[in-house]
Amino acid sequence: MTKRPQSLDEFWPYYLSEHRHPTSRRLHFVGTAGFMTAMGVSAAMNPVRFPLAIAAALAIGKHGLTAEREARPLKHVAAMILLPTLAAPLTFPAGVVFAYACAWVGHFKIEGNRPATFQYPLMSAASDFRMWYHMAKGKLWSGDPLEELELDEPLLYPAAVVVETAVAAE
């Protein structure tokens, strides 16, 4: 069984290792930019309710990041999606769907892997914004992201790889 990450800094190299192909990272960049655009439109159309919903979702997310050290924080994620959706029922879900559609094309069609968000939804979301930030500064557009940021190979591995390795050893 794999050890769950205990911090975003510990998770970050694993996240980048799941995004080695530049086209996948570009798709994530586009998806995240689309999500942020939807957030801006949601705030403009719902200037009171939406910022309050986002503030509550961020507070829940902060608590969820702590919970994610032990298990997937599915209740936190559900609340983080539900509250902004209630405040902006058209634009916020559209942004979420667009972002995930772009990212999942990158994972399933280009990387050939399972998105890290299935096991680590909140750390993945935080890492996605961190990757977007690096890309907005002109980094991570080509080559291996771990090499470019001078990071070591991750200590974490997908559960499927560990399970397959254990089964193959038997």
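At 0.36 nm per residue, and after removing the present C-alpha to C-alpha distance, how many nm does the segment from K139 to E153 gain when stretched out fully?
Result for the pair: 3.2 nm of gain on full extension.
In vacuo Debye scattering of segment 1-96, one point per C-alpha: log10 I(q)/I(0) at q = 0.23 Å⁻¹?
Values returned for q = 0.23 Å⁻¹ are -1.14.
How long is the gain from T66 to F129 if the chain were fully straight, where each residue apart is worth 0.36 nm and the alpha carbon distance is subtracted?
Gain in length upon complete extension: 20.9 nm.
A56 to R114: FRET efficiency via 1/(1 + (r/R0)^6), r the Cβ-Cβ distance, R0 41 Å, to the nearest 0.05?
Result of the calculation: an efficiency of 0.85.
Mind counting lysine pairs for me in the chain? Cα separation below 25 Å, and the two need to be 8 or more apart along the chain or on different chains.
4
Between L82 and S7, what is the FRET efficiency for a Förster distance of 25 Å, r being their Cβ-Cβ separation, to the nearest 0.05?
0.40
Read-outs: derived from the displayed coordinates by stated rules, not from any lab. Everything numeric here is computed off the predicted structure, so don't read it as measured data. As a convention, Cβ positions derive from the backbone with ideal geometry for all residues, glycine included, and neighbour counts pool all protein chains shown.
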